[in-house]
Amino acid sequence: MIVLFYREVELLPQLREILLRRWGLPHFESETQIVQTPSAFQQEMGSPLSKNVFSFPKLIEPSEFVLIKNACITLEEKFCERGLRKINLDVWSLDDSKWVYYARKSLPHRLYHSNGIHQDLQLLFLKEKLQVLPWSFTEVKNHSYEEDLLQIRNLYLEKLKELKQILVPPSISSFK
């Protein structure tokens, strides 16, 4: 999942095209939302910031998210002006039980993965409910992502079911 933050609305079509060329058609794409909570990159990029969430259908190994994050960092750098970013691309992995953010910055609760990237557990899915953590981002805590996340999680679970049906060997009784 990639969350795109930007101030200049006219950049969205170009950025969307770049993401689609790189990762294919999304199975989920949110409507543009105005970021309501202050963030560190609003100081760098200005405000108001807009955000779009993209989720792609290909199931990805956890180790690949580091490559995706580094590709997104490269894209952010292409859109820098006078050393300041015009866009921010957050990379997240989602599975049936958790939501993990990938970051360059080290913090006490983040685990180092590889190639300068850390993993930050932001949200748990427990008993069909979202559980925030003490260090979860304000936008996670105030549930601004909740509807999108639940939709993306359901798409993920459907994809897993399809995959399991393909991978399950025929039962012995089917050979009789």
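The values are calculated or read from the model by the stated rules, or taken from the named source; none is laboratory data. Quick caveat, the model's predicted, so the values are computed rather than measured. Cβ atoms come from the backbone with ideal geometry, glycine included; neighbour counts cover every protein chain shown. The area values use the complete protein model at the heavy-atom level, side chains included, leaving out ligands, DNA and RNA. Shrake-Rupley method; radii C 1.70, N 1.55, O 1.52, S 1.80 Å.
Some points to look at:
- Extension gain, Gln165 to Tyr112, is 15.6 nm, computed as 0.36 nm per intervening residue step minus the present C-alpha separation.
- Selected from Ile87, Ile73, Ile18 as most flexible by GNM, with the chain as the system and alpha-carbon contacts under 10 Å: Ile18
- Per residue accessible area of the chain, 1.4 Å probe, in Å²: 60
- Computed about the Cα centre, the dipole magnitude for the chain is approximately 400 debye when only Lys and Arg (+1) and Asp and Glu (-1) carry charge, each at its Cβ.
- Of the DSSP H helices in the chain, those whose Cα atoms cover at least 30 Å axially and whose Kyte score averages -0.5 or more: 146-167
- For the chain, the carbon plus sulfur part of the accessible surface works out to 55%, probe radius 1.4 Å.
- Based on Cα atoms of segment 1-129, Rg over Rh with Rh as the Kirkwood radius reads 0.95.
- Dipole axis of segment 41-176 (+1 Lys, Arg; -1 Asp, Glu on Cβ), positive-most option in Ser63, Leu107, Phe137: Ser63
- The chain - mean residue ellipticity at 222 nm from DSSP helices (-39,500 (n - 2.57) per run, n ≥ 4, rounded to 500): -10500 deg cm²/dmol
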